[in-house]
1. Hey, which of the helices (runs of 4 or more DSSP H) in segment A:122-227, taking only ones fully inside, have at least 3 residues that are among the aromatic types (Phe, Trp, Tyr)?
2. Counting just the residues of segment A:18-41 that are of a type in the set (Gly, Ala, Ser) and touching a residue at least 40 places away in the same chain (Cβ under 8 Å), which one comes out farthest from A:Gly167 (Cα to Cα)?
3. Would a scan of segment A:184-196 turn up a residue that is of a type in the set (Phe, Trp, Tyr), modelled with pLDDT under 95 and surrounded by 24 or more Cβ atoms within 10 Å (Cβ to Cβ)?
4. For residues that are in contact (Cβ under 8 Å) with a residue 40 or more places away in the chain, of a type outside the set (Val, Ile, Thr) and under 19 Å from A:Lys23 (Cβ atoms), scanning just segment A:142-160, find the one that is farthest from the other protein chains (Cβ to nearest Cβ).
5. Residues to consider are A:Leu104, A:Leu67, A:Leu29, A:Leu98; find the one that is within 14 Å of chain B (Cβ to nearest Cβ), of a type outside the set (Gly, Ala, Ser) and part of a helix (DSSP H, G or I).
6. Which of the residues that make up segment B:31-59 are within 14 Å of chain A (Cβ to nearest Cβ) and modelled with pLDDT under 70?
7. Quick check on segment A:70-89. Is at least one of its residues more than 13 Å from chain B (Cβ to nearest Cβ), part of a helix (DSSP H, G or I) and free of Cβ contacts under 8 Å to residues at least 12 places away in the same chain?
Amino acid sequence: MTDSRTFDTVPEASFGDYVQLLKPRVMSLVVFTALVGLLVAPVGVHPVVAVASILFIALGAGASGALNMWWDADIDAVMKRTKSRPIPSGQVLPGEALGLGLALSGIAVVMLALASNLFAAGLLAFTIVFYAVVYSMWLKRATPQNIVIGGAAGAFPPMIGWAVATGGVSIESLLMFALIFMWTPPHFWALALFMKEDYHTAGVPMLTVTHGRKSTRRHIFVYTVLLAPVGIAAAMTSIGGPLTLMVSLALNAWFLIGAWRILQRDEVAAEADKYAVEKAVFRFSLLYLFLHFGAFLAEAALRPYGFGGW
Amino acid sequence: MSDFRPAHEMHVRRFGRNLGVGLALLALLVIVFALTVVKVTRGDPMQAYDHQVRPEMLPLEDPAKVKAP
């Protein structure tokens, strides 16, 4: 008999594991789009207030990521892409992720209210609830339209950034929202086309699983067609200008060509070149969003020098 | 004589985690302090009575209560 006990089987999460719960890659997109929303607004914001606000928006997005990982731990465990996440890999307990998500949500919303205004904080709170409850808990496992409606959660950050500066909503911030909202479905469905077995295994009703791959190709094309006028309309508002209009026309034309090529292909052709077109369109969609928002930012940066804007 | 040196890898891992939490709290402290400085120096609406009645801060519907010192 011995008095010694060993705790080797108890998982010991590192700080990095908790950071992974906040989905840092998603946070980087949130930081970028929220920053653009804040900087292109017609009202100036003190740099310290701006930096703090962006940090708390990112923290709120991270908190909703932790809540999503807590809720989706069972399906993350069976998907190749997600099974090494902190909860399915056993590094972090589900309760810890829930606690972290709830605590950071509260901190982020209260601190954003103190740093900027109640309207921006309310939008952030709504975004967290929308992502964690409406998307993760209700829609993701219930409908193949999960991506469409859930995409709204990812579309709110530029609106929140705009609200930090102006304290409200305007046609410009609504169009920035609409741009990400309409961009999300073709972006994720292109991913779903070449990550097929993952969603099959997890039983998540992705469009590819429920309606077939031919229908998904049609959906990608339709949403890309609907996305184009949103981008061009945004370029015509006060946050746009000739530069944005040119960038938007080029990006939308390129995206449409890609979506058309996806529509024209069948599974045999896609299998033959290992989904080269679908992968290329997916990669381009990331560039699309980055350059479109980059163009808004460039207009705002050029304005003090007499360039940019209409 | 007992030896208090850490003898397990766990201590090293916990040090990293505690350092991370410590730095995160320090960052929050810096942000809150910087925000406070900015808001106070810009004169955001957060004044109190500060030992002396200020008529302009009393409710408008009851001006009779205001008396010049």
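The values are calculated or read from the model by the stated rules, or taken from the named source; none is laboratory data. This one's a predicted model, so the numbers in the text were calculated from it and none came from an experiment. Cβ: placed from backbone, ideal geometry, glycine included. Neighbour counts: every protein chain shown.
1. Here the list reads A:171-194.
2. A:Ala34
3. The answer is yes, given that some residue of segment A:184-196 is of a type in the set (Phe, Trp, Tyr), modelled with pLDDT under 95 and surrounded by 24 or more Cβ atoms within 10 Å (Cβ to Cβ).
4. By that ranking, first place goes to A:Asn146.
5. A:Leu104
6. B:Gly43, B:Asp44, B:Pro45, B:Met46 - these are the residues of segment B:31-59 that are within 14 Å of chain A (Cβ to nearest Cβ) and modelled with pLDDT under 70.
7. For segment A:70-89, residues more than 13 Å from chain B (Cβ to nearest Cβ), part of a helix (DSSP H, G or I) and free of Cβ contacts under 8 Å to residues at least 12 places away in the same chain: present.
So that you can scan it fast, the table gives a plain yes or no per residue for (1) among the aliphatic types (A, V, I, L, M); (2) out of contact with any Asp or Glu (no Cβ under 7 Å at 6 or more places or on another chain):
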| site | (1), (2) |
| --- | --- |
| A:Val225 | yes, yes |
| A:Val230 | yes, yes |
| A:Thr244 | no, no |
| A:Asp266 | no, yes |
